[in-house]
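Okay, structure first, notes after.
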Amino acid sequence: MKCPWPIAVLALAAACGGREDRRPNVLLVSIDTLRADHLSAYGHWRPTSPNLDRLAANGVLFKECFAPTSWTLPSHLSMLTGLSMSVHGIDDERLWQVVGVPGGPPVLPMKGTFLSEVFQKAGYRTAGFVTWKFLEPRFGFGPGFEVYERVSDIALLDGDSEARLQREARAREGTGQVAQLAAERPEWFASQGPTADLVVRRAGAWLDGLEADDNRAPWLLFAHIFDPHDDYRAPEPFLHRFTKADYVGPIDGRGVTADGPVRPGMDERDLAQLVAYYDGEIAWTDDRVGALIADVERRGALENTIVVVTSDHGEEFFEHGAKQHRAQLYAESLHVPLIVAWPRGLPAGRRVPGLVGLVDLAPTLYSLADLPAPPHLSGRDLSPAARGDAELGEQSYSAVLHSFPRREWTPNRLVALRRGSHSMIQHLPRDGARRVEYFDRSVNPREVGYGEELFDGDPRLVVLDGELERLRTRYQRAREALPLRGGASRALDRREVAELSSMGYAEAPAVEEGAAVRAHLNRLVIDGGIWPDLR
């Protein structure tokens, strides 16, 4: 018998593939670079997400979920461990260039337990399929997954091209021109075409394998989809679904990272076309996520599968002067979707107001699956609010971003705190005093424009500083109580730096031994993150 998604009928549970007391499967989908307010379910005016809208209508939608930073690597670590950045300790890919060098740590400062490890220990079959470098095992991901693969359309460079790339990158070291090299010789660099369908097909093949084994254990499947990230070039018919047919101009969804037409002050018509390409990527991704959910339904497993769709961060379109992400901590960078559906265990059509965070995802899944949670989690269990048994209650959520001037080790820092209707963003420049920006989210929930500047002595700042200090103490105690994960790590090679640079990420400087590395560690690594007094 086929279970009709998404109608929750408990009487069908046995016929739909298992005993009623069987632990639920978990399908966790992370859609990279997906800002919540560009989904129809979150109020976007374009019909970008019919499948996710359907999932939300038959599950639980958390209206205000915030990420712990505005880029992929540390945000996914927080998502998959339930720890803040200040506890898991990973805040920049430059860590992979100081580990093992004189003055640097012998191992990465990473702490925490991945939810995949907890589920695997409980007898779950586990698989993860990811689509971007920052989620590769070399960055710490993969423990607890029996199958963990990067699914990609990347064609490996042949030996001659690889050798030329290494020579050119070596020649340009110290000049800050690796990104320019990527623009000059794109054929030397890995492409990043659409991969959502590859993930869906690979996930389906893994589920086929479980069925072939007649395996009756529950499963955890993690699917990471990168496509909404620039370049914004979805396959047709999604590529031009929302663009203007009569548009004549330089914007085609490519080259967003590069210096060119996508820049502050760009023509409004050009900007609208750019956003339309981004929305087309969302529609394409929604279509493929819908296909993945339909595949689980076809197998008769959806009734007892917890389906979670979320994102690691949003995307900026110059709302505060910047493009893309990993630049700021405003709502367009941090407000992400969180939709949880489980026909057997959660109500349909529930929309939960109030602040939640990606750090809440792991403890919520532990609770829903009735599994013991690891100690010292930063997040909280959202299942009572999801079921409607309790209100969320007020909770504080921090976010951290270190941004590095080119070729520098000392970062500018941003620290955001959101609690209730209050939103504070601290600007902590490397060579200046802190500046505090405040938004009253009860009247400006999307943090439009720039906030009110708060000064020492303002009662609001006193309260928010006190809350930040409380989080600091809590996170510091948690970090001190958790062991290092350990494990050696090799430095990024020139090819990897070039690949990251071609996608707009920081080009790391050459590592110096001794004092420079120790200074970097003191500023960046040690118990990392939210402390305003860390110098």
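The values are calculated or read from the model by the stated rules, or taken from the named source; none is laboratory data. Please read all numbers here as calculations on a predicted model, not as lab measurements. Virtual Cβ from ideal backbone geometry, glycine too; neighbours counted across all protein chains shown.
Look through 472, 495 and report the one residue that is surrounded by 15 or more Cβ atoms within 10 Å (Cβ to Cβ), part of a helix (DSSP H, G or I) and modelled with pLDDT of 80 or more.
On the way: 495 fails: modelled with pLDDT of 80 or more.
Only one candidate passes the filter, namely 472.
Across segment 96-139, the number of residues qualifying as over 30 Å from residue 209 (Cβ atoms), modelled with pLDDT of 90 or more and assigned to a loop (DSSP other than H, G, I, E, B) comes to 1. Note on segment 308-327: among residues that are within 11 Å of residue 69 (Cα to Cα) and surrounded by fewer than 21 Cβ atoms within 10 Å (Cβ to Cβ), the one that is farthest from the chain's Cα centre (by Cα) is 327.
Considering every residue within segment 272-279, establish whether at least one is buried (at least 19 other Cβ atoms within 10 Å of the Cβ), farther than 30 Å from residue 148 by Cα and of a type in the set (A, V, I, L, M). Walk me through how you get there before you give the answer.
Within segment 272-279, the subset buried (at least 19 other Cβ atoms within 10 Å of the Cβ) is 273-274, 276-279.
With the extra rule that they be farther than 30 Å from residue 148 by Cα, the set shrinks to 273-274, 276-277.
Still in the list and also of a type in the set (A, V, I, L, M): 274, 276.
Within segment 272-279, one or more residues are buried (at least 19 other Cβ atoms within 10 Å of the Cβ), farther than 30 Å from residue 148 by Cα and of a type in the set (A, V, I, L, M).
Note on segment 113-137: among residues that are within 17 Å of the chain's Cα centre (by Cα) and under 29 Å from residue 481 (Cα atoms), the one that is surrounded by the fewest Cβ atoms within 10 Å (Cβ to Cβ) is 137. Looking only at segment 413-454, count how many residues are touching a residue at least 60 places away in the same chain (Cβ under 8 Å) and of a type in the set (Val, Ile, Thr). Total satisfying the criteria: 3.
Pick out the one residue from 61, 108 that is touching a residue at least 60 places away in the same chain (Cβ under 8 Å) and either surrounded by 24 or more Cβ atoms within 10 Å (Cβ to Cβ) or within 18 Å of the chain's Cα centre (by Cα) (or both).
Details: 108 fails: either surrounded by 24 or more Cβ atoms within 10 Å (Cβ to Cβ) or within 18 Å of the chain's Cα centre (by Cα) (or both).
The conditions single out 61.
What about residue 292, is it surrounded by 24 or more Cβ atoms within 10 Å (Cβ to Cβ), over 17 Å from the mean Cα position of the chain (by Cα) and farther than 16 Å from residue 58 by Cα?
Numbers: surrounded by 24 or more Cβ atoms within 10 Å (Cβ to Cβ): yes; over 17 Å from the mean Cα position of the chain (by Cα): yes; farther than 16 Å from residue 58 by Cα: yes.
Judged against the criteria, residue 292 is a match.
Taking the criterion of being under 21 Å from residue 385 (Cβ atoms) and part of a loop (DSSP other than H, G, I, E, B), the residues of segment 31-82 that qualify are 39, 43, 58, 59, 67, 68, 82. Can you pull out every residue in segment 326-347 that is outside any loop (DSSP other than H, G, I, E, B), within 25 Å of residue 450 (Cβ to Cβ) and out of contact with any helix residue (DSSP H, G or I) (no Cβ under 6 Å at 6 or more places or on another chain)? Selection gives 331, 332, 333, 334.
Report whether or not residue 460 is touching a His at 6+ places or on another chain (Cβ under 9 Å) and assigned to a helix (DSSP H, G or I).
Working: touching a His at 6+ places or on another chain (Cβ under 9 Å): yes; assigned to a helix (DSSP H, G or I): yes.
So residue 460 fits the description; yes.
You will find that of 372, 337, 347, 353, the residue that is of a type outside the set (Asp, Glu), closer than 23 Å to residue 47 by Cα and surrounded by fewer than 24 Cβ atoms within 10 Å (Cβ to Cβ) is 353 and no other.
Of the residues that sit in segment 348-375 and are in contact with a strand residue (DSSP E or B) (Cβ under 9 Å, 6 or more places away or on another chain) and in a loop (DSSP other than H, G, I, E, B), which one is nearest to residue 88 (Cα to Cα)?
The first filter runs over segment 348-375 and keeps only residues in contact with a strand residue (DSSP E or B) (Cβ under 9 Å, 6 or more places away or on another chain), leaving 348-361, 364-365, 368-369.
From what is left, the residues that are in a loop (DSSP other than H, G, I, E, B) are 348-349, 369.
Working: 348: 34, 349: 34, 369: 24 Å.
Out of the qualifying residues, it is 369.
Among the residues of segment 348-392, those that are more than 21 Å from residue 22 (Cα to Cα), among the β-branched types (Val, Ile, Thr) and in contact with a helix residue (DSSP H, G or I) (Cβ under 6 Å, 6 or more places away or on another chain) comprise 352, 359. Restricting the search to helices (runs of 4 or more DSSP H) fully inside segment 159-276 and requiring at least 1 residues that are at pLDDT 95 or above gives 196-212.
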